[in-house]
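Quick note: the coordinates plus some simple rules give every number you see, no bench work behind them. What you see is a predicted model; the values in this text were computed from it and never measured. Here the Cβ positions follow ideal geometry from the backbone for every residue, glycine too, while neighbour counts run over all protein chains shown.
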């Protein structure tokens with residue numbers, strides 16, 4: 001798909017933006033890998049409704065909250081108690097339990113507040129990673145939560161990424177994934193469903209545009225959220241990176257094409273397609 005270049009975006013976010021929160025990063029201008037997933041997952045109308053509709057309803061963040069807590073616990077453990085609090089065990093149906101809960105919420109206003117069992121899970125995941133000889137070693141040579149914004153040289157569009165962990169010499173990006181199943185088959189299915197492999201192209205591309213150095217290696221640390229909190233470490237292959245790049249470019253082009261035309265169609269008119277099981 002070919003598109004005309006857009007004017008380069010002059011943004012306060014251009015370059016390396018350290019210390020930006022997840023909320024500010026997601027609200028900042030620029031196309032992210034998540035947005036590529038969204039335009040590919042449904043119709044352009046759905047993308048517009050989620051990202052651009054001025055009357056859109058903000059997405060429920062509870063699942064994101066747990067993921068953010070896990071990332072904080074693993075990648076920035078020194079800040080965990082400043083940002084996340086676990087509720088005490090109490091029966092909120094009783095007068096005493098309600099009082100305990102109210103005091104906890106007041107005392108921890110402004111923090112991400114998690115249920116007691118959820119917070120214990122977050123700590124257990126953190127401890128599992130810190131005990132793992134390979135996973136802990138991978139997280140000892142760089143900095144966490146590094147955001148980069150760049151003008152795409154082909155289109156001029158502002159693009160962005162936020163690396164969970166980036167080596168100081170820019171040689172490797174490490175991404176943390178909490179998982180139901182961190183086994184090779186289980187994580188492989190999740191990677192296909194959520195297009196994790198696209199990160200191995202998109203993130204290094206953005207980092208290289210800003211720093212001039214391209215991370216050669218992309219690694220995922222997948223950790224299960226249930227006992228015994230097993231971990232799998234997975235390396236992106238060269239073939240996966242090569243396959244991911246044209247998909248990223250295609251999805252970026254689709255977003256820019258609809259932004260330029262301000263045309264956000266739904267599914268339109270087409271022949272009915274029955275699933276394979278129905279044809280059998």
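The table for this structure:
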{"read-out": "Distance from the range 83-135 to the range 193-229 (C-alpha centre basis), Å", "value": "29"}
{"read-out": "Between helix 199-211 and the chain: long-axis angle, C-alpha atoms, 0 to 90°, nearest 10", "value": "80"}
{"read-out": "Residue order, fewest to most beta carbons within 10 Å, for 121, 35", "value": "35, 121"}
{"read-out": "Computed FRET value (nearest 0.05) for residue 95 with residue 226, which takes r as the C-beta separation and R₀ as 45 Å", "value": "0.85"}
{"read-out": "Cα long-axis angle, helix 184-194 against the chain (0 to 90 degrees, to the nearest 10)", "value": "60"}
{"read-out": "Selected from 108, 151, 193 as most flexible by GNM, with the chain as the system and alpha-carbon contacts under 10 Å", "value": "193"}
{"read-out": "Top of 99, 222, 40 by mean-square fluctuation, Gaussian network on the chain, Cα under 10 Å", "value": "99"}
{"read-out": "Among [x] 63, 40, 39; [y] 63, 51, 45; [z] 53, 45, 38, the entry derived from the coordinates for Cα extents along the principal axes in Å", "value": "[y]"}
{"read-out": "The chain: most fluctuating residue of 205, 185, 127 per GNM, C-alpha cutoff 10 Å", "value": "185"}
{"read-out": "Acute angle (nearest 10 degrees) that the helix 238-261 long axis makes with the longest principal axis of the chain, alpha-carbon atoms", "value": "70"}
{"read-out": "Residues 264, 277, 220, 227, sorted so that the one with the fewest Cβ neighbours within 10 Å comes first", "value": "277, 227, 264, 220"}
